[in-house]
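Below is one structure, written out as structure tokens; the observations come after it.
Just so you know, all these numbers are worked out from the coordinates, no wet-lab data involved. Given the structure is predicted, the values throughout are model-derived calculations rather than measurements. Cβ placement follows ideal geometry from the backbone for every residue including glycine, while neighbour counts extend to all protein chains displayed.
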Amino acid sequence: MALKLEAKGGKKGNVWADGVHENVRKVYVGQGQSCISFVKFEYVDDSEVVIGDEHGEHTQKVEEFEVDENDYIVYVEAFRETATQETIVALKFETSKGKTNKHFKEGPGVKFVLQGGKIVGFHGRSTNVLHSLGAYISDPISTHQLHGKWTKPSGRSVFASAVVGKHIVIFGGEIDMDPQAHVGPGQMTDGTFALDTETLKWERLDKLGEEVKAEEETKNGSGLSIHVGIPILIDLDVSIGNPFGSHKKKKEEAKQEMTPAIRGWTASTSGTVNGKKGLLMHGGKAVTNDRFDDLFFYEFNSA
């Protein structure tokens, strides 16, 4: 199962799609005078190399980025031309182990990103240049691995947050604003991260839905572990008061552990449930621009 990330960029050009594959092995980027002239991708399916079509017009100046056999792309950073935002002027690809084709000191245009799991295919729009780019990501819960720098959250806003002991904990948020500003959904993300306010080091506490003990993931871990996404509907005691009254009975469906969907713009606070401190969050904006009305509590051990 793969999730299709909407193509970002301009609206001109013909729609193309390479489809879903096992992995991306090589990326070819052609640089024109003022923008990306074409892209081409090589994929791997059951050890067989699948060469994708050229999207755009081939140029002599071509950059090749090869993904190592035991690695995969998890992050794409792209920049649209500032005036019309109809063409893409720069592309950065980064793997789960931190290998990348380039570094930007300053963004050469209007940025958008593609991320959320293992990238297994691309789609977009092109004429004789590249107008937009989107991606397919494989099921993030079962395939996404975390390495190196991915213990630190990417740039984001409107995330859920709480103070748990000496840690600041965040979940989700918006990583790219919608072209229609707050009218559209923007690009949301997930992931639970903790900042140690004494060492100023970030640590990721989940694997996009799987419970993780942080001390097993990093040598000098925070010592926090989490029970992710336990929905607490009644019998709630939070640090700012009990908004639901003194109910003692839990709904049976609240006992089942769940993982909150990708979201941003979430109401949140620090809370305590059954003696455990954690992150309490309610509602938020979905990737479809719909609104959630659920309530989740992230319970932390050793907090």
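Computed from label points 7 Å out along Cα-Cβ, the spacing between Lys26 and Ala286 is 4.2 nm. Distance between the pseudo-spin-label points of Ala17 and Ala181 (7 Å out from Cα toward the beta carbon): 3.3 nm.
Residues whose amide H falls under 5 Å from that of Thr127, counting only those 5 or more places apart or on a different chain, are Asn14, with hydrogens built in the peptide plane. When each of the peptides 62-72, 35-45 is scored by how many other beta carbons lie within 10 Å of its residues on average, the order from highest to lowest is 35-45, 62-72. Would you calculate the separation in nanometres between label points at Lys4 and Asn128, each defined as 7 Å from the Cα along the Cα-to-beta-carbon direction? If labels sit at Lys4 and Asn128, their model points lie 3.0 nm apart.
Measuring between alpha carbons in the structure, the pairs from Lys118/Lys201; Lys152/Lys285; Lys201/Lys277; Lys12/Lys118; Lys8/Lys92 lying more than 19 angstrom apart are Lys118/Lys201; Lys152/Lys285; Lys201/Lys277; Lys12/Lys118. Ordered by the count of other Cβ atoms within 10 Å of each Cβ, fewest first, Ser132, Ser270 give Ser270, Ser132. Computing FRET efficiency as 1/(1 + (r/R0)^6) for Lys276 and Glu57, where r is the C-beta to C-beta distance and R0 is 41 Å, gives about 0.10.
Computed extension length for Asp294-Lys102: 65.1 nm, one decimal, from 0.36 nm per residue of separation with the Cα-Cα distance subtracted. Couplings 3J(HN,Hα) of region 51-57, computed from phi: 8, x, 6, 7, 10, x, 10 Hz, in residue order, whole Hz [Karplus 6.51 cos²θ - 1.76 cosθ + 1.60, θ = phi - 60°; x for Gly and Pro].
Between Phe122 and Asp18, Gly19, Tyr136, the built amide H atoms are under 5 Å apart, and every one of these is 5 or more places off in sequence or on another chain. A protection proxy built from the mean count of other Cβ atoms within 10 Å ranks the segments 173-181, 89-97, most packed first, as 89-97, 173-181.
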